[in-house]
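Report on one structure; see the data block that follows.
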Amino acid sequence: AVVSTQSTGYLQYNTPWVLAKGSESDKARAGSVIALASNLAALLSVTLSPFMPTIAKILQEQLALPEDRKQFTETFVPLLKTGHKIGTPFPLFSKIEDARVAELRSKFCGSDGSPAPATTPGDIAALQAEIEKQGGKVRELKAAKGDPAAIKAEVAKLLELKKQLPAELQQPPPGNKNKKKSPPAAQKKEPSPPVKNPATTPNALPADVAALQKEIEAQGLKVRGLKAAKADKATIDAEVKVLLALKGKLPPELQQQPGGKKGKKK
């Protein structure tokens, strides 16, 4: 990373593309800058070879780096000698245009037109981070009483992101968790008032509640990730306890009653 950063800064500072159009001394200076930059690129290719072998090989082919120079040295030495001729350069990484994005989405999305669910742990972790970020954006808009149309659009984005999670990590729609039919009118009992949690702060500010809900959502994602990865039971139980403790701090009106019974009437 240091070699790459310093090399980029060196080129940007010396601007050889500008010097090449100047006086004879400027052109000579441009040649010196390009020569050093080429040697830095050669050093970078050797440094990258254990981690990105394909990219390193392509870079070495562009530089026409001799086999006996593809090695680490204790100090920086020029791997390309004066008069060395490089191969044909071309960009190692190309920008993905919108048309290409659409093509890839069409090719790899699910059968219903939705993106295919993430499958690898790295994809799942990245998707969960994106979901958490989008969830925070929605909560901020709601707390600021933003434009309903804007909130609706951001909620739609959040739901689309959640659809990309594996089935075992997706939460069912609110109110559909093992919902039972209400008993006949004659047998219907009045719902018990919610038990006041001693850990609840009576005068919690909206900002505090929003922050707490964000923390609960993040902890919930962590628990579901551990379950999906089949982590050891003791670890999962410990994180579940943390999640329940956080939920216990919510105001009573925002806490879910056990078993999904929310006193709903037909």
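The values are calculated or read from the model by the stated rules, or taken from the named source; none is laboratory data. For clarity, every value in this text was computed on a predicted model and none was experimentally measured. So basically every Cβ, Gly included, is an ideal-geometry build from the backbone, and we count neighbours across all protein chains shown. In case anyone asks, the SASA skips ligands and DNA or RNA and just uses the protein heavy atoms, side chains included. Shrake-Rupley method; radii C 1.70, N 1.55, O 1.52, S 1.80 Å.
The figures follow:
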item: Computed FRET value (nearest 0.05) for Glu74 with Ala102, which takes r as the C-beta separation and R₀ as 45 Å; result: 0.35
item: Glu67-Lys152 pseudo-label distance in nm [points 7 Å out on the Cα-to-Cβ vector]; result: 6.8
item: Under-19-angstrom lysine pairs by C-alpha in the range 1-157, whenever the two are 8 or more apart or on separate chains; result: 16
item: For Phe72, solvent-accessible area (1.4 Å; no DNA, RNA or ligand), Å²; result: 130
